[in-house]
Each structure stands twice: as structure tokens, then as C-alpha cells.
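Here the structure is laid out as C-alpha cells; the discussion comes afterwards.
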Amino acid sequence: MKKILGKIADRIYHKPRLKISSAVSPLLIPRMVNILKKRSAALADLDSVLDFALKFKIYGTPIKPLQIRGEFKRLMEIVQAARPKAIVELGTAMGGTLFCFARVADPSATLISLDLPSGQGGYLEWKKPLLEAFALPE
Ligand SMILES: C[S@@+](CC[C@H](N)C(=O)[O-])C[C@H]1O[C@@H](n2cnc3c(N)ncnc32)[C@H](O)[C@@H]1O
């Protein structure tokens, strides 16, 4: 049943003239989480991680970091070398930087990302499971 619903959702979504309304997106979140986990499971190096974060988009929902790639890569190299056990990010936005932090920090690191309430700049509540899915299994 889940598979059939997923296929129907895919078909509707990929019809160029039909746009899924933001009211439907929360219903697709379990599928978004699965797809994100599957596609990001085997990112071998930092460039693959950055490319994934910059290009990944599921049902109209990107995770794109709002950063300049060269500067951003340097930051991630520094974090990768330091392998911190805790990171606090101020300003989650679409989650792209959080995704990359999750891939370069120590797998057991605690990651905290804060943003303003939705509507004042932060993200919509239904996106939370997608952001939580960035965490690697310890
Ligand atoms: C440039 S975006 C962050 C981009 C994100 N770190 C990335 O690279 O994808 C800035 C974010 O900071 C958030 N922000 C602004 N003021 C804030 C505050 N006082 N506390 C928490 N988040 C804040 C905004 O809502 C916005 O999502």
C-alpha cells in the first residue's frame, strides 16, 4: 500500500503542470526521509557530501546550504580535521550546513541547530524529521 501511494505521489509530483501544494508535503515526509537516507548512505568524500547537499531536492524540498562553495568547503575541512564532539549552529534554514556538519563531525557528536520560529525565518515544523534524518547511526 505504501509503495503504491508513493508511486502515485511520484506520478502526480512529476507532472510538469501540477505542483504539489505545501499542504501535501507533510504527508510525504516519511518517503522523503527514506529517500534522503538511501541516497546519502554512501557519500565517500567531502566533495560528494557538498555536491549532495547542494543538489538534493525531494518533492520540491531542497536542503541546499546558503553558502559560497569554496568558503563552505574550507569550513568543512576545518571541522573534519577537528572532529568535534559537539556543534551548535545558529540558523538552520533548509538544513544544508547541518547535513554537512553531520557528515564531517565525529559520528557520536551532538549536533544542535537552532532557528527562529517558522514564519519568522525558521523552517516549517513538518520538516523536522527530514532534518533529524541527517544524523548518522553511531
Ligand atoms: C543564511 S541563513 C542560514 C543558512 C544555513 N546555516 C545554511 O548554510 O544553509 C540564516 C538563518 O539564520 C536564521 N536566524 C536569524 N536570526 C536568528 C536568531 N536570532 N536565532 C536563530 N536563527 C536565526 C534565519 O531564520 C535563517 O534561517
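Can you say whether Ile112 is more than 10 Å from the ligand (Cβ to nearest atom) and touching a strand residue (DSSP E or B) at 6+ places or on another chain (Cβ under 9 Å), as far as the supplied structure shows? Yes. Only one of the listed residues (Ile112, Ile78) is assigned to a helix (DSSP H, G or I) and surrounded by fewer than 16 Cβ atoms within 10 Å (Cβ to Cβ). That residue is Ile78. Evaluate the range 4-24: report whether one residue or more is among the acidic types (Asp, Glu), on the phi < 0 side of the Ramachandran plot, out of contact with any Pro (no Cβ under 7 Å at 6 or more places or on another chain) and at pLDDT below 95. The answer is yes; a qualifying residue exists.
The residues listed here are Thr97, Thr92; of these, the one that is within 10 Å of the ligand (Cβ to nearest atom), β-branched (Val, Ile, Thr) and part of a loop (DSSP other than H, G, I, E, B) is Thr92. The single condition among (1) touching an Asp or Glu at 6+ places or on another chain (Cβ under 7 Å); (2) modelled with pLDDT of 95 or more that Ile35 does not meet is (1).
The set of residues in the range 44-61 being surrounded by 14 or more Cβ atoms within 10 Å (Cβ to Cβ) and at pLDDT 95 or above consists of Leu46, Val49, Leu50, Phe52, Ala53, Leu54, Phe56.
The values are calculated or read from the model by the stated rules, or taken from the named source; none is laboratory data. Since the model is a prediction, treat every value here as computed from it, not as a measurement. Please note: Cβ atoms are built from the backbone with ideal geometry, for glycine as well, and neighbour counts cover all protein chains shown.
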